[in-house]
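*Asks:* Submitted below is the structure of interest, expressed as structure tokens.
The values are calculated or read from the model by the stated rules, or taken from the named source; none is laboratory data. Fair warning: this is a prediction, and the values are worked out from it, not measured in the lab. With ideal geometry, Cβ positions are generated from the backbone for all residues, glycine too; neighbour counts draw on all protein chains shown. The protein model used for the area step is the full one, side chains on, heavy atoms only, and it has no ligands, DNA or RNA in it. Shrake-Rupley method; radii C 1.70, N 1.55, O 1.52, S 1.80 Å.
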Amino acid sequence: MSFDSLGLSKPLLDAVAAQGYDTPSPIQAKAIPVILEGKDIMAAAQTGTGKTAGFTLPLLELLSKGPKVRANQVRALVLTPTRELAAQVGESVSTYGKNMDLSSTVVFGGVKINPQMQKLRRGADVLVATPGRLLDLYQQNAFRFQQLEVIIFDEADRMLDMGFIHDIRKILALLPKQRQTLMFSATFSEEIRTLAKSLVKDPVEVSVTPPNATAKTVKQWIVPVDKSKKSGLLTQLIKDNDWQQVLVFSRTKHGANRLAKHLEQRKISAAAIHGNKSQGARTRALAEFKSGDVRVLVATDIAARGLDIDQLPQVVNFDLPNVAEDYVHRIGRTGRAGSTGQAVSLVCADEVGDLIGIERLTGQLLERKEVAGFEPSTQLPVTRDTRPLKAKKPKKPKSPRSEHKDGQRSSENARGNKPVGKNRRHTGGGTNKTSRRFSKPKAANSGNK
Ligand code: AMP
């Protein structure tokens, strides 16, 4: 199949060709025609398989056929859970829309609001936003939704979980009833699927891999180790394997800072990225990591979702996430767009419950490899169970908006270690299926509109 057969017009086909894509990825092949027909969609696809173009291309096609955007109006809204992902999606919109007469704007918190208000005065065909800042701007009359045609939830399961659902309900109440709703995510737990279905009209459900599967292109294993030895083990792994670009996930902000400092002291350049850092520091840390100036980026789960770091070879879970779906998102930062990657998790005996959750969600037992000199004094119990967990009835959301403003997660609250929906259960399962390769893109060439 080629892009020509999907119903996209020449300006978009040229932009796609300029990116070096010759074949639509499976999610693109399935989702693009459905969206062009004006239908609602719930799409589940592994991370790194071209979801962004899967919704951006047909969105731009639809918008190019409609009326011009008026001042202070927005025709399409893309919601993302983090600022970094909003910026990245905004770049994709500019890249794919570079040959079209459509405008796009990105807004998120942590930066000045006035320039965002000024931009919105002119109206935006596409507004990419994190929910907190979007509501602030709306309350300050920066824009209106009378012209809204399409709303897109990127990382939909995160957008609908307890951390964001209050804001999302507020936003949905402001939108015209007559609209198209698109939901895209790599993972959908049963309860979120039920909630999502209540927000869409007769959706077409599209899925290209077993739900919650991890990519075959990512080699995964765990190293059993005592908690107190994790920093030393990570340092040794980086040095022995000469890993040059490593994304390390830490459960807490404090832990991320401590670990970055520990690595720096051992002459391994490192930066931390989490919700307590200023937006300037977050943007800088990510840019330096992408360019190779910083060897290790230690992140909380704000970096787990959607971030596309070209050819990132190595992900390390310094702590296991306690929401199993986050494991799938974290390791999905590597092995993207057909390239290969490795994901290693450092697991102490306390974390066996989280390990079981992950193994049952992904339907596979993770290989264990001890490292000489770091054998645990408390053995990690053997795990055997890969049966899918049963779904629980959805719980009523509780958490207030303030904690999640600007794309932060409730797992990043002051105590730092309370997960979102700890009581969430999953019906995951299914073993890995081969992820289909699709050709590598050329370097992104984003033109700002
Ligand atoms: P995403 O899942 O949207 O984050 O995309 C993952 C990566 O795949 C990005 O680097 C895209 O530039 C790239 N990509 C998207 N669509 C295609 C395609 N059809 N062929 C090759 N690469 C693509």
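*Asks:* Check the range 89-105 and report whether any residue there is part of a strand (DSSP E or B), more than 22 Å from Ser9 (Cα to Cα) and assigned by TED's automatic domain parsing to the domain that holds Asp154. If you could, list the steps in order and put the result at the bottom.
*Replies:* Initial filter on the range 89-105 (part of a strand (DSSP E or B)): 104-105.
Next, only the ones that are more than 22 Å from Ser9 (Cα to Cα) stay: 105.
Then keep just the ones that are assigned by TED's automatic domain parsing to the domain that holds Asp154; that gives 105.
Yes: the range 89-105 contains one or more residues that are part of a strand (DSSP E or B), more than 22 Å from Ser9 (Cα to Cα) and assigned by TED's automatic domain parsing to the domain that holds Asp154.
*Asks:* With Val78, Val89, Val74 as the choices, which residue is touching a residue at least 60 places away in the same chain (Cβ under 8 Å), within 10 Å of the ligand (Cβ to nearest atom) and open to solvent by less than 10 Å² (accessible area, probe 1.4 Å)?
*Replies:* Val89
*Asks:* Next up: Which numbered condition in (1) closer than 25 Å to Ala303 by Cβ; (2) open to solvent by 60 Å² or more (accessible area, probe 1.4 Å) is the only one that Val106 fails?
*Replies:* If we test Val106 against (1) closer than 25 Å to Ala303 by Cβ; (2) open to solvent by 60 Å² or more (accessible area, probe 1.4 Å), just (2) comes out false.
*Asks:* If Leu286 passes every condition in (1) aliphatic (A, V, I, L, M); (2) open to solvent by 10 Å² or more (accessible area, probe 1.4 Å); (3) without any contact (Cβ under 8 Å) to a residue 60 or more places away in the chain but one, which one does it miss?
*Replies:* Answer for Leu286: the failing condition is (3).
A quick yes/no check of all residues on (1) out of contact with any strand residue (DSSP E or B) (no Cβ under 8 Å at 6 or more places or on another chain); (2) among the basic types (Lys, Arg):
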position: Asp226; (1), (2): yes, no
position: Lys229; (1), (2): yes, yes
position: Thr235; (1), (2): yes, no
position: Gln245; (1), (2): no, no
position: Ala272; (1), (2): no, no
position: Ala299; (1), (2): no, no
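*Asks:* Counting just the residues of the range 92-122 that are in contact (Cβ under 8 Å) with a residue 24 or more places away in the chain and aliphatic (A, V, I, L, M), which one comes out nearest to Gly20 (Cα to Cα)?
*Replies:* Val93
*Asks:* A follow-up question, please. I'd like the residue in the range 28-68 that is of a type in the set (Val, Ile, Thr) and out of contact with any strand residue (DSSP E or B) (no Cβ under 7 Å at 6 or more places or on another chain) and, out of all such residues, is farthest from the ligand (Cβ to nearest atom).
*Replies:* Residues of the range 28-68 of a type in the set (Val, Ile, Thr): 32, 34-35, 41, 47, 49, 52, 56.
Keeping just the survivors that are out of contact with any strand residue (DSSP E or B) (no Cβ under 7 Å at 6 or more places or on another chain) gives 32, 47, 49, 52, 56.
Numbers: Ile32: 10, Thr47: 6, Thr49: 5, Thr52: 3, Thr56: 8 Å.
Filtering the range 28-68 for residues that are of a type in the set (Val, Ile, Thr) and out of contact with any strand residue (DSSP E or B) (no Cβ under 7 Å at 6 or more places or on another chain), the one farthest from the ligand (Cβ to nearest atom) comes out as Ile32.
*Asks:* So, one more: Please work out which residue is farthest from the chain's Cα centre (by Cα), limiting yourself to the range 134-164 and to residues that are surrounded by fewer than 23 Cβ atoms within 10 Å (Cβ to Cβ) and part of a helix (DSSP H, G or I).
*Replies:* Among residues in the range 134-164 that are surrounded by fewer than 23 Cβ atoms within 10 Å (Cβ to Cβ) and part of a helix (DSSP H, G or I), the one farthest from the chain's Cα centre (by Cα) is Gln139.
*Asks:* Could you tell me how many of the residues in the range 131-166 are charged (D, E, K, R) and at pLDDT below 95?
*Replies:* 5
*Asks:* I need a count of the residues in the range 279-309 that are assigned to a loop (DSSP other than H, G, I, E, B) and either within 16 Å of the ligand (Cβ to nearest atom) or assigned by TED's automatic domain parsing to the domain that holds Gln46 (or both).
*Replies:* Selection size over the range 279-309: 6.
*Asks:* Taking Lys112 as meeting all but one of (1) open to solvent by less than 40 Å² (accessible area, probe 1.4 Å); (2) among the charged types (D, E, K, R); (3) within 28 Å of Gly163 (Cβ to Cβ); (4) not in a helix (DSSP H, G or I), write down the number of the exception.
*Replies:* Going through the list (1) open to solvent by less than 40 Å² (accessible area, probe 1.4 Å); (2) among the charged types (D, E, K, R); (3) within 28 Å of Gly163 (Cβ to Cβ); (4) not in a helix (DSSP H, G or I), Lys112 breaks only (1).
*Asks:* Filter the range 6-20 down to the residues that are of a type outside the set (S, T, N, Q), within 15 Å of the ligand (Cβ to nearest atom) and within 19 Å of Gly90 (Cβ to Cβ) and list them by number.
*Replies:* Residues satisfying the conditions are Leu12, Ala15, Val16, Ala18.
*Asks:* Can you tell me which residue among Leu380, Leu355 is buried (at least 18 other Cβ atoms within 10 Å of the Cβ), modelled with pLDDT of 90 or more and in a loop (DSSP other than H, G, I, E, B)?
*Replies:* Among Leu380, Leu355, only Leu380 is buried (at least 18 other Cβ atoms within 10 Å of the Cβ), modelled with pLDDT of 90 or more and in a loop (DSSP other than H, G, I, E, B).
*Asks:* Could you say which residue among Pro33, Pro58, Pro67 is more than 22 Å from the chain's Cα centre (by Cα) and assigned to a helix (DSSP H, G or I)?
*Replies:* None of the other options fit; the residue is Pro33.
*Asks:* Separate question: Only one residue in Leu199, Leu263, Leu259 is within 21 Å of the chain's Cα centre (by Cα) and either part of a loop (DSSP other than H, G, I, E, B) or free of Cβ contacts under 8 Å to residues at least 60 places away in the same chain (or both). Which one?
*Replies:* Unique residue meeting the criteria: Leu199.
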